[in-house]
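Below is one structure, written out as structure tokens; comments come after it.
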Amino acid sequence: MRTPIDPQRLARRRVEAGLSQNALARKIGVTKQLVSAVSLGKANFSPETLAKVAEALNCQIADLLPEDDAEFHAKTQTQRSA
């Protein structure tokens, strides 16, 4: 299963972290082509890879999801910790 992410959020976080697509790819152990395809909205990361992306970009997974999914994810996390 692949996890859809928001390409604009990914790009913004990547730029804020000062990483090129190639540098992010190396850091998370995937090809630059995959990072590029995800950045164009043509592919998605696996959940495991998405967790590595969030760690590399020093953010939460929800920060990379489309807004509706991010809200759902945040609510789910809050319910789990309660």
- Inter-site label distance for residue 55 and residue 17 at 7 Å from Cα along Cβ, in nm: 1.1 nm
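First check a/c for region 1-49, with a ≥ b ≥ c the square roots of the eigenvalues of its C-alpha gyration tensor; if it is under 1.5, answer rounded, and if not, answer prolate when a/b is larger than b/c or oblate otherwise. Don't skip to the answer; put the middle values down first.
On the way: a/c = 1.65, a/b = 1.23, b/c = 1.34.
Oblate, since a/c reaches 1.5 and b/c is not below a/b.
Coordinate-derived values only; no laboratory data. Since this is a predicted model, take the numbers as computed values, not measurements. All Cβ positions, glycine included, derive from the backbone under ideal geometry; neighbour counts span all protein chains shown.
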